[in-house]
Amino acid sequence: MPYLAPFLKDAIKNDEIATLQYDKDMISAYGILAGEIRLFDNAKSGTVSDQFAIDPATLSVFMGKAKSGLGNLVKLAALPTENTKFYQFTDNNTNMYTDQLATSAGVGSGISRVIYSSDRMSNAEVEAGIIDQYNTVKPLYSQFENFLNFFANQLTSHYKFKFTFDGCSYPFERQNRIDKVMKLADKGMVLSPSAFASAFGYAPQDFERMLEESKWGGWGKLWQLPLNTNTTSSNSVGRPKLDDMDLSDSGEMNRNV
């Protein structure tokens, strides 16, 4: 799929960056104790070599004792020493692998922060990212439409069919389609049952049969005006609760407190 080609190119680097990050983490887990080996007080530089205040054989004994106590947790350079200091590698780019994942995902999708993110996204960011992801896959709809329109109509002689694919299963996207058909109906432009079926997620033939069943099955005699739960319920009095996608950023933060 050409839309994801840049994503695949960058995704190949993920394993390499992961290995580098792992090596840095392992190096950071180690420490080195190192210092100066004391010389004789009257040692003269450049005249006699190895003028240490401790015998090398004795030094190795001290090193062995310290090593057995510390194990592999700390690397020892020499003991006993003077001006002993602890050295450890510091990783100044701890987010290298996380940034790489977000970057590679962002090349092929606007929803990368949903996939790889350690911080909190706003509702607008989530919705925009999902819409971008949906638009990436949407071109496949027309390709599949052409496939069905051609091959399905090859099997029929009297009736011909036209296939149309639209929308997705995300609640906010479906709600947008419902609002569109309902606004047209409020203006007197009532679309066909198939348009309402598509918006509400029903198969067209099932939706029409349910309408017929409701009309001829006496449903109107059984139905009554529903009570206003916002004023009669003792548990939820007042304004109806908004959906999460309808909240502003401040309202979303207050709800999660």
Considering only residues that are hydroxyl-bearing (Ser, Thr, Tyr), at pLDDT 85 or above and part of a helix (DSSP H, G or I), which ones fall in region 122-172? TYR141, SER142
Show the residue pairs meeting these rules: Cβ distance below 7 Å; 6+ apart or different chains; first residue within region 17-37 and farther than 18 Å from THR94 by Cβ and modelled with pLDDT under 80; second residue of a type in the set (D, E, K, R) and in a strand (DSSP E or B). ILE32/LYS75; ALA34/LYS85; GLY35/GLU82; GLY35/LYS85; GLU36/GLU82
For region 130-149, check the following and say yes or no: at least one residue is in contact with a Cys (Cβ under 6 Å, 6 or more places away or on another chain) and not hydrophobic (A, V, I, L, M, F, W, C). yes
Being assigned to a loop (DSSP other than H, G, I, E, B) and more than 29 Å from ASP243 (Cα to Cα): is that true of TYR202 here? no
Filter region 186-199 for residues that are among the small types (Gly, Ala, Ser) and closer than 25 Å to PHE163 by Cβ; which is surrounded by the fewest Cβ atoms within 10 Å (Cβ to Cβ)? SER192
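The values are calculated or read from the model by the stated rules, or taken from the named source; none is laboratory data. Every value quoted in this text rests on a predicted model; they were computed, and no experiment measured them. Because the Cβ atoms are built from the backbone with ideal geometry, glycine has one as well, and the counts that use them run over all protein chains shown.
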